[in-house]
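To start, the structure under review is shown below, and the notes come after it.
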Amino acid sequence: MATFPSIAPSFPVRKKSEPNIKTVKFQDGYEHRIKFGLHQNPKEFNLTWKNLSEADSDTVEAFLDARAEDGASFTYTPPNESSAMQFKCPSWNKAMNFPGFATITATFIEVFEP
């Protein structure tokens, strides 16, 4: 299992929660809410690494390219979180705004695997 490189992202970091809850609405206005699945509240983090050196940006990009190639999840501890989680990264962007520096933005989505 791969661990994301120890290169800290820039702030702000955005964390999204979208619980997987099914709602049944009855005619009289009553609602019944049901948690759907074992892990019904995966987290999503939108991360940015601003003005990384070309070497650090290549390290991050190579890691994400390798996970796209092998389809494996990876371990990462997001800022202000107490423990590591398993993630997939379905998309990322690399902007090269200055010579020798790059900014990477990525979306990390929590996955639950044995």
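Under 5 Å between amide H atoms, partner at least 5 residues away or on a different chain: which partners does residue 10 have, H built in plane at 1.01 Å?
So residue 10 has HN proximity to 48, 49, 50.
So, counting K/R as plus one and D/E as minus one, what does the shell of residues with Cβ under 10 Å around residue 94 add up to?
On the way: positive: none; negative: 58, 61.
Its environment carries a net charge of -2.
Write out the chymotrypsin sites (Phe, Trp or Tyr not before Pro) in the stretch 53-114 meeting two conditions: DSSP loop, and at most 14 other Cβ atoms within 10 Å of their Cβ. Intermediate values should be presented prior to the final figure.
Values: sites: 63, 74, 76, 87, 92, 101, 108, 112; in loops: 112.
Of the chymotrypsin sites (Phe, Trp or Tyr not before Pro), the ones in loops of the stretch 53-114 whose Cβ has at most 14 other Cβ atoms within 10 Å are 112.
Using just the helices of the chain, give the 222 nm mean residue ellipticity in deg cm²/dmol: DSSP H runs with n ≥ 4 each add -39,500 (n - 2.57), and the total is spread over all residues, rounded to 500.
After summing the helix terms and dividing by residue count, I get -5000 deg cm²/dmol.
Once you list every other residue whose beta carbon is under 10 Å from the beta carbon of residue 18, what net charge do they have if Lys and Arg are +1 and Asp and Glu are -1?
On the way: positive: 16, 43; negative: 44.
Local net charge: +1.
Report the accessible area of residue 109, computed with a 1.4 Å probe over the heavy atoms of all protein chains in place, in Å² rounded to the nearest 10.
Result for residue 109: roughly 50 Å² accessible.
Once you place label points 7 Å from the Cα toward the Cβ at residue 6 and residue 61, how far apart are they in nm?
2.5 nm
Which value, in Å², gives the accessible area per residue of the chain when a 1.4 Å probe is used on the protein heavy atoms?
Heavy-atom accessible area per residue stands at 66 Å².
To make sure I understand the rule: partners must be lysines, Cα under 26 Å from the Cα of residue 50, and not fewer than 8 residues away in the same chain. Which ones qualify?
Result set, ordered by chain and number: 15, 16, 88, 94.
The values are calculated or read from the model by the stated rules, or taken from the named source; none is laboratory data. Keep in mind it's a predicted model, so treat the numbers as computed, not measured. Cβ atoms come from the backbone with ideal geometry, glycine included; neighbour counts cover every protein chain shown. The accessibility values were calculated without ligands, DNA or RNA, using every heavy atom of the protein model including side chains. Shrake-Rupley method; radii C 1.70, N 1.55, O 1.52, S 1.80 Å.
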